[in-house]
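Undergrad: Pasting a structure below so you can have a look.
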Amino acid sequence: MTSSHRRPRGRNPVTSLHHLRHHQLLLEELRTLFRVEVTDARLTPLRIVAVELAADGASARVAWSGPDDVAVRLALERAAGFLQARLRESLGWKRTPRLRFVWLGLDASPLEEEPS
């Protein structure tokens, strides 16, 4: 195959749209889980602000705002498995991303607006 017949490097538009859709679904589902299913009192005041899904879908950084202390961070680490299991059930993806939580501050504005 000559170089003129090769597919240009870079993101495939279909893959990019697929990735963006997964990103949005993950954000919406995490916000719903925190609103409805998370019962740990240390986590109820937290707000999911944004999600950054890795290109391969293996991991996701979850940005949150709210009070930050060691107890909250430990509670998030403990809740990660529960959240991943719920995401697996609700989204039905082949691979559920490993969640890593990143604190944005006490009063961080959402990067994407939450529905009211």
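Undergrad: So, in region 21-47, of the ones that are outside any loop (DSSP other than H, G, I, E, B) and among the charged types (D, E, K, R), which residue ends up surrounded by the fewest Cβ atoms within 10 Å (Cβ to Cβ)?
TA: Of region 21-47, the ones outside any loop (DSSP other than H, G, I, E, B) are 21-36, 47.
Retained after the next criterion (residues that are among the charged types (D, E, K, R)): 21, 28-29, 31, 35, 47.
Numbers: R21: 10, E28: 16, E29: 17, R31: 18, R35: 12, R47: 16.
Of everything passing the filter in region 21-47, R21 is surrounded by the fewest Cβ atoms within 10 Å (Cβ to Cβ).
Undergrad: Another one. From the residues in region 49-90 that are among the polar types (S, T, N, Q) and assigned to a strand (DSSP E or B), which one is surrounded by the most Cβ atoms within 10 Å (Cβ to Cβ)?
TA: S65
Undergrad: Identify all residues within region 62-86 that are basic (K, R) and farther than 15 Å from G105 by Cβ; write none if there are none. Please lay out each step first, then the result.
TA: First pass over region 62-86, keeping only residues basic (K, R): 73, 78, 86.
Hits for region 62-86 are R78, R86.
Undergrad: Suppose we keep only residues that are farther than 14 Å from V62 by Cα and within 14 Å of the chain's Cα centre (by Cα) within region 91-116. Which one would you say is modelled with the highest pLDDT?
TA: That would be L91.
The values are calculated or read from the model by the stated rules, or taken from the named source; none is laboratory data. Since the model is a prediction, treat every value here as computed from it, not as a measurement. Neighbour counts run over all protein chains shown; Cβ positions are idealised from the backbone, glycine included.
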